[in-house]
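The values are calculated or read from the model by the stated rules, or taken from the named source; none is laboratory data. Since the structure is predicted, the reported quantities are computational estimates derived from the model, not experimental observations. Counting neighbours? That spans all protein chains shown, and the Cβs are built from the backbone with ideal geometry, glycine included. All accessible areas refer to the heavy atoms of the entire protein, side chains included, with ligands and DNA or RNA removed. Shrake-Rupley method; radii C 1.70, N 1.55, O 1.52, S 1.80 Å.
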Protein chains: 2
Amino acid sequence: MDPERSYKIGELARMFGLTARTVRFYEELGLLESESREGSAHRRYPERNAVRVRRIQQLKDYGLTLAEIRELFDLAARDRSGESVRKSLSEKYRSRLEEARKKRDALDSYIEDLSWHVEQLERVPDFFECPGASCATCLWAERCDVRLLVSPKDGA
Amino acid sequence: MDPERSYKIGELARMFGLTARTVRFYEELGLLESESREGSAHRRYPERNAVRVRRIQQLKDYGLTLAEIRELFDLAARDRSGESVRKSLSEKYRSRLEEARKKRDALDSYIEDLSWHVEQLERVPDFFECPGASCATCLWAERCDVRLLVSPKDGA
DNA sequence: ATTCAAGTTGACCTTTAACGTAAGATTCGC
DNA sequence: GCGAATCTTACGTTAAAGGTCAACTTGAAT
């Protein structure tokens with residue numbers, strides 16, 4: 001890697017499938033740093049920004065917001081040992097992980113419920129007759145009682 | 001159930017933990033039907049609307065939008081046999097189910113990836129030294145090469 | 001008769017991140 | 001000197017399900 005190397009905004013954008021607007025936006029947020037533009041009117045991004053963009057994409061994929069990514073970058077700039085960054089990122093990942101697991105569990109029970117409903121809908125031919133015992137999906141209220149609108153958890 | 005019974009907007013709202021605004025909003029969308037207000041200025045919701053509200057909440061819980069719910073209600077009004085409603089709802093549920101399963105699978109692999117990263121972050125004490133082989137979480141680009149930013153799928 | 005909680009219409013506001021898009025002026029590279 | 005690239009500024013997008021005034025009117029109970 002050549003530390004002297006620098007990219008124009010379009011180059012950097014193309015390298016990662018972004019638009020110039022996006023790169024500019026990232027810089028606005030403090031995620032990228034262009035050289036001071038002495039004499040020139042166009043931005044120049046030193047090589048290290050390429051790595052940053054890649055890192056941004058990665059962290060974004062893992063569910064971090066750009067604001068959070070910025071915090072991490074700031075942290076890294078202040079603590080060069082990397083300790084605080086590692087701790088912070090680790091915590092963030094852990095909490096994301098927990099959220100994700102909860103979401104997955106919720107999704108699982110959602111899937112179960114929905115399966116039950118689909119089954120009900122397709123199994124009983126005259127399900128809509130509201131036999132008086134239970135009615136999971138009846139839609140015309142004129143014939144229905146609130147108490148007859150059941151869910152799987154209500155017990156069969 | 002007394003077919004003559006009717007509710008004021010606040011009553012209906014309180015029954016289901018809604019606000020009057022919400023009930024009004026539902027009526028605007030065509031989800032509820034108040035009696036024609038001859039002589040009166042206040043809405044009156046016949047009993048059947050209670051069942052509708054309950055149904056709305058149920059369908060909402062299963063991920064249908066209010067617009068979709070309205071379509072179902074319309075369908076039910078046009079086809080009293082219930083056949084088309086059952087078909088439509090069944091299809092909707094099925095597609096929701098498929099989406100949910102995909103989401104869950106994506107979530108699962110996300111969880112795996114994230115676990116890998118957490119492990120990496122916590123296992124290698126000087127992970128941030130960028131040993132040159134791989135670097136999953138390094139944050140200061142000055143010392144890093146883009147190619148060193150790896151993910152679990154990249155192979156260890 | 002009074003009162004005052006409850007109801008009414010209408011119209012705008014909220015949330016939210018990560019950009020898109022338009023416009024017109026400049027600049028760079030060849 | 002020309003056209004592609006870049007610049008700044010600033011508003012637009014997305015969008016579901018209501019929230020929040022504001023200013024007014026009703027209706028049931030005292």
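Anything in the stretch B:34-70 that is within 11 Å of chain A (Cβ to nearest Cβ), near DNA strand D (Cβ under 9 Å from one of its atoms) and part of a helix (DSSP H, G or I)? List them, or say none.
B:Ile56, B:Gln57, B:Ile69
Any residue at all in the stretch A:40-55 that is modelled with pLDDT under 95 and within 8 Å of DNA strand C (Cβ to nearest atom)?
The answer is yes; a qualifying residue exists.
Quick one: in the stretch A:56-67, which of the residues that are without any contact (Cβ under 8 Å) to a residue 12 or more places away in the chain and farther than 18 Å from A:Arg24 by Cβ is farthest from the chain's Cα centre (by Cα)?
A:Gln58
Hey, could you check the stretch B:7-22 for residues that are within 9 Å of DNA strand D (Cβ to nearest atom) and β-branched (Val, Ile, Thr) and say which is nearest to the other protein chains (Cβ to nearest Cβ)?
Out of the qualifying residues, it is B:Thr22.
Pairs under 8 Å by beta carbon, first residue more than 27 Å from B:Leu59 (Cβ to Cβ) in the stretch B:26-41, partner surrounded by 14 or more Cβ atoms within 10 Å (Cβ to Cβ) and of a type outside the set (S, T, N, Q), six or more apart or different chains?
Within 8 Å, the pairs are B:Arg37/B:Arg43; B:Arg37/B:Arg44.
Got at least one residue in the stretch B:53-69 being farther than 16 Å from B:Gly10 by Cβ, of a type in the set (S, T, N, Q), touching a Phe, Trp or Tyr at 6+ places or on another chain (Cβ under 7 Å) and surrounded by fewer than 20 Cβ atoms within 10 Å (Cβ to Cβ)?
The answer is yes, given that some residue of the stretch B:53-69 is farther than 16 Å from B:Gly10 by Cβ, of a type in the set (S, T, N, Q), touching a Phe, Trp or Tyr at 6+ places or on another chain (Cβ under 7 Å) and surrounded by fewer than 20 Cβ atoms within 10 Å (Cβ to Cβ).
Sort through B:Arg48, B:Arg37 and tell me the only one that's more than 30 Å from A:Ala106 (Cα to Cα), of a type in the set (Lys, Arg) and loosely packed, with under 12 Cβ neighbours inside 10 Å.
B:Arg37
Taking the stretch B:1-33, which residues are assigned to a helix (DSSP H, G or I), within 9 Å of DNA strand C (Cβ to nearest atom) and open to solvent by less than 70 Å² (accessible area, probe 1.4 Å)?
Residues satisfying the conditions are B:Ile9, B:Gly10, B:Glu11, B:Leu12, B:Ala13, B:Ala20, B:Val23, B:Glu27.
Could we say that A:Ala77 is within 11 Å of chain B (Cβ to nearest Cβ), among the aliphatic types (A, V, I, L, M) and touching a helix residue (DSSP H, G or I) at 6+ places or on another chain (Cβ under 8 Å) here?
For A:Ala77, the condition - within 11 Å of chain B (Cβ to nearest Cβ), among the aliphatic types (A, V, I, L, M) and touching a helix residue (DSSP H, G or I) at 6+ places or on another chain (Cβ under 8 Å) - is not met.
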